[in-house]
Every structure is written in structure tokens, then in C-alpha cells.
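Visitor: Have a look at this one before I ask anything.
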Amino acid sequence: MCGIVGLFLKDKTLTPQLGVMLTEMLVTMTDRGPDSAGIAIYGDETVDHSKLTVQSDAPDTDFETLAQDLTQALDMRVVLDRKDSHAVLCLPSAQASTARAALQNLRPGLRVMSDGKTIEIYKEVGLPKDVARRFNLASMTGTHGIGHTRMATESAVTTQGAHPFSTGADQCLVHNGSLSNHNNWRRRLVREGMRIDSLNDTEVGAAYVTWRMREGATLGEALESALDDLDGFFTFVVGTRDGFGVVRDPIACKPAVMAETAQYVAFGSEYRALVNLPDIEAARVWEPEPATVYFWSH
Amino acid sequence: MQTLDLASTSLRDVNATLQALTDASNATQWEILNPRGAHAIAVGLDAPVDVTVRGSTGYYCAGMNKHATVHVTGSAGPGVAENMMSGTVVIDGDASQYAGATGRGGLLVVKGNAASRCGISMKGIDIVVHGNIGHMSAFMGQAGNLVVCGDAGDALGDSLYEARIFVRGAVKGLGADCIEKEMRAEHLDMLRVLLQRAECDANPEDFRRYGSARKLYNFDIDNAAAY
């Protein structure tokens, strides 16, 4: 079991409330995944700049002089915004990949959660309400976001094993279910040059989608081919810089409920995750069909 | 009408109140407010009372129902009326996967659509769905009737025993050992009564009947190809 929530805002006036709404949805799904929680949020963008979200088990030491050290090493301006065990590094887009490589030398213990123009990922072990409080998720703003509460099956209960997983710029994926052919796909994707950091099955699913898109597929096409190539149970919710997608395996035993109004499209593993959304009584509520790709974009 | 509000009363207390009712109870009309997708609402009832749930429910609403009539004005989550023994459960909206699973008796009515595995392993329950049903419905159904006014998904009636299936619309695909069968007068009569009880004005003549080819009851090497 795991819990998934997602919110894609069509009405820009709701942007300041995205964090509040998603946090409430996430905490409602605690029963489905009490061991860890995470959220990907698509927020503000600074022209010509990218964001690297990093996590450390020793944030006090790792983050204290990180911005200065990066600035010195790469001769660029870096702004660091720390949130508990995570920090968002805002830096010039042109140097984002150089910075990522430099981080490995400067702070070998640091983990990169995400990189991209707008995405930030925060995830940790613990009850969803505690994770939400540590990062003050409720204060976050953005156009869309995806959250996950984890009950681990395929790999250890660690920060690295928590969802969302990001394997490409501004991309993220969360998963309810378990993949049975992920070891084969991990080997193949690594040969194809994909970066996979954990032994988690979901990260392979994320890397699969990123790889397909790198090879020229649209997100929709990548999710369609995932239906053929990935074996096992899955409800996936995927985020990109301007979009939000959903796909369930053909057996579709992992639950999924969607709601759409003129203001938003929302996803919940269960209806109770959606009950506090504005005007939910008037929303169109439905279950996504098995083996069918759904996608919304701004 | 007695009112139980889940916004102010715990689910456990709501269910305990309803489960304590007997044939002799004077209060027979109940409503439950603010279900907000909660699990296991109105489960294990054992008295001829009417319970209306105003809103949508989560997993296992009205499970193991005996004698009671439970009416959900919204949609129901997975496993609604699971293992129902008798009584009636009516869902005004849609039902999620495995509605009426393993039900032994009574009537389940879904006025919207039902998702996958509707009536899986049904053992005597009657299920009437006004809309469509998803894949693998009535899988290993042993007894009872599944009536679908819309379309049926893939692998309908896979490994079916003696449950009967009636579909008005299209069937995407039949499961192993499920075949179309002749609609006889006795089936039309039974269907007429069931549709009436389910407040459905469909014409029994428009339905087709599906049942078991009875090749997979016991393993027989001559039937290996039927799996």
C-alpha cells in the first residue's frame, strides 16, 4: 500500500494555497503510508536560473558554507535556501550540470533530490504530518504538486527510498504498487546512461519515463510504452514543468480517484484525500480507467 | 429519522449504534451525515432498518450486511457490500472495484458505473448495475445474478461456476469458460423482477445471458485448452 495525492491548478488565483491544500491531502493518506512522505512542488521560476534541491543527513555542516564554496569553485552566484534537511540551490541554468558534478567533490554525502527550472522535491522518513511540518510544506506555493505517503515493499525505509523520484530535469514520478521486472530495466537503463541512485523499483519507473522522453517520446507516449514494458502493479502520477499525468496498469488493483473542476484537477488514492478541496461537491469525480494515459498541461 | 453525524461521532460509535439494532428496535430510519470517504461505514448490520448515507464512502461500506437497507447518495469506494448476506444496498453514484464481492444474498444496486471485479466470487447475491462494469467481473462467480444495463469490460465471467450474467450493452471480452447462453422465459421473468426491484426501466428482452461452459469445474486433461 501507498498513498498518492496530486493537484494541478487551472485557476492561477489558487497558486498561493497549493501547499496548504496538498499538505492536507497528504496527511489524510497517512494510513496508506506511514513510514515516509514526500512532495514535489512546481513553484516560482527565475529567468535563466535553475534549482537544485539537495538533501543531507548532516545539514548543519553540509549547508553552512555550501553556497560560498560553490560560488568559489565555479565562479557563479549561488543562492541557498535551507529547509530542514533539504536546501534549494538557485544558480545559472547554463552551469547547472557543472554544479551538480562539483557537488560530488565538495559534499560527497549530499543527495540531489531534483533539478530543473521550477521543481523542488522534499522527502524524508517519518509520519506525513511530521515530514510536512519539518519542511513547512503548507507555506509552499506553485502551479502543481504531487505528494506520496509510503508503506515500503520493494526497498528499505530510507530518505532515498521515499517518493517522489526525479530522474530528469523538472520530471518526477510517484508510484503505488510494485514492479516485478525493475532489476532488468535498471541494468538496461544504466547501460543507456540513465542515473539511478537507489534499489527502489519506482526509481526505475521514473528513469524509464525519462529515458523514453530523452529518446524523443512525449510524456503521453512514454507512459503508453510503460504499459507494455513495465511488469507489475502500478498507479503512476507523473509531473513535468507544465504538466501532470496519470496511468494505471491493466489490472488496476491499486486505487485511484480523480476530481476535476474549472479550478483544478486533483488525484487521490482515495476519495477522502479530496474532500476538503474547494467545491468538491460539484466536481466531476471518476476513477481513471486501466491502461489509459491521462494528461493535463498548462 | 435518527441522525448520526460522522463529523461529531466516531465511526466506531456510529457502527456500534447501528449494529446494536434488532428486529425489536423502534428506530428503523437512520441517516449518516459527513461520510467524507471514510472506510467501513454501516458494516455488519443485522436488523431490518433503513440507513441513508448522505455523501460518498470509502472502502467496504455496508460490508457483511444482513437484513438492512443501506442507501449511499454519493459514490462508494472499493468493496461495497462485500460478503453481503441479505438486505439491499443502493449506490446512487459509481462503485469502485470489487463491488458485492463474495456476496451470499441480498440485492446490490449501483445506479452509476461499477469498476473492475464487480461481483467477484459472488455466491448468491443479486447485483444490478445501471451503467457499465469493468474487467474481470463475476470472476469465479458461484451463484446469484449479475445484471448490467450498460457495457461489460474484458474477461467477463472468467472461471465462472453457476452465477448468471445478463448484459444489455457490449461485452469487451468473455473470460475462460464463459459463454453466451440462450435466454429462456424463466430468465426473462427473473430479470423483470430484478430490474423492477432495482428501479431500472430497461427491457429484459434487450439483454443477453452469459454463463459457464462447465469445462473447468474439475481438472480434465481434455479441457486443458479451455484455461
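Visitor: For the range A:112-133, indicate whether the set of residues that are in a helix (DSSP H, G or I), over 30 Å from B:ARG36 (Cβ atoms) and modelled with pLDDT of 95 or more is non-empty.
Guide: Checking the range A:112-133: not a single residue is in a helix (DSSP H, G or I), over 30 Å from B:ARG36 (Cβ atoms) and modelled with pLDDT of 95 or more.
Visitor: Name the single residue that is nearest to A:GLU45 (Cα to Cα) among those in the range A:134-153 being surrounded by fewer than 20 Cβ atoms within 10 Å (Cβ to Cβ) and under 18 Å from the mean Cα position of the chain (by Cα).
Guide: Only one residue fits best here, namely A:THR141.
Visitor: Same structure again: Of everything in the range A:255-274 that's touching a Gly at 6+ places or on another chain (Cβ under 6 Å) and at the interface with chain B (Cβ under 10 Å from one of its Cβ atoms), which residue is farthest from A:MET25 (Cα to Cα)?
Guide: A:VAL257
Visitor: Select from the range B:42-59 the residues that are within 14 Å of another protein chain (Cβ to nearest Cβ) and among the small types (Gly, Ala, Ser) and list them in ascending order.
Guide: B:GLY55, B:SER56, B:GLY58
Visitor: Turning to a different aspect of this structure: Would you confirm, using the coordinates I've provided, whether B:SER137 is crowded, with 24+ Cβ neighbours inside 10 Å and within 15 Å of B:TYR59 (Cα to Cα)?
Guide: For B:SER137, the condition - crowded, with 24+ Cβ neighbours inside 10 Å and within 15 Å of B:TYR59 (Cα to Cα) - is not met.
Visitor: On to the next question. Just to check your reading of the model, which residue among A:LEU230, A:LEU277 is more than 14 Å from every other protein chain (Cβ to nearest Cβ) and not β-branched (Val, Ile, Thr)?
Guide: After ruling out the rest, the residue left standing is A:LEU230.
Visitor: Here are the criteria: (1) of a type in the set (Asp, Glu); (2) more than 16 Å from A:VAL237 (Cα to Cα); (3) part of a loop (DSSP other than H, G, I, E, B). Tell me which single one A:ASP170 does not satisfy.
Guide: With (1) of a type in the set (Asp, Glu); (2) more than 16 Å from A:VAL237 (Cα to Cα); (3) part of a loop (DSSP other than H, G, I, E, B) applied to A:ASP170, the lone miss is (2).
Visitor: Still on this structure, please answer the following. Take the conditions at the interface with chain B (Cβ under 10 Å from one of its Cβ atoms) and out of contact with any Phe, Trp or Tyr (no Cβ under 7 Å at 6 or more places or on another chain) and apply them to A:GLU287. Does it pass?
Guide: Working: at the interface with chain B (Cβ under 10 Å from one of its Cβ atoms): yes; out of contact with any Phe, Trp or Tyr (no Cβ under 7 Å at 6 or more places or on another chain): yes.
Yes.
Visitor: Looking at the range B:22-38, can you tell me whether even one residue there is more than 14 Å from chain A (Cβ to nearest Cβ), surrounded by 15 or more Cβ atoms within 10 Å (Cβ to Cβ) and touching a helix residue (DSSP H, G or I) at 6+ places or on another chain (Cβ under 8 Å)?
Guide: Yes: the range B:22-38 contains one or more residues that are more than 14 Å from chain A (Cβ to nearest Cβ), surrounded by 15 or more Cβ atoms within 10 Å (Cβ to Cβ) and touching a helix residue (DSSP H, G or I) at 6+ places or on another chain (Cβ under 8 Å).
Visitor: Quick one: is B:ALA47 farther than 18 Å from A:ALA259 by Cα, free of Cβ contacts under 8 Å to residues at least 40 places away in the same chain and more than 13 Å from the chain's Cα centre (by Cα)?
Guide: Judged against the criteria, B:ALA47 is a match.
Visitor: Can you tell me which residue is surrounded by the fewest Cβ atoms within 10 Å (Cβ to Cβ) among those in the range B:154-168 that are touching a strand residue (DSSP E or B) at 6+ places or on another chain (Cβ under 7 Å) and not hydrophobic (A, V, I, L, M, F, W, C)?
Guide: B:GLU162
Visitor: Could you figure out which of (1) within 14 Å of chain B (Cβ to nearest Cβ); (2) under 17 Å from A:SER166 (Cα atoms) isn't true of A:ASP249?
Guide: Only one criterion is unmet by A:ASP249, namely (2).
The values are calculated or read from the model by the stated rules, or taken from the named source; none is laboratory data. Quick caveat, the model's predicted, so the values are computed rather than measured. No Cβ is skipped: glycine too gets one built from the backbone with ideal geometry, and neighbour counts run over all protein chains shown.
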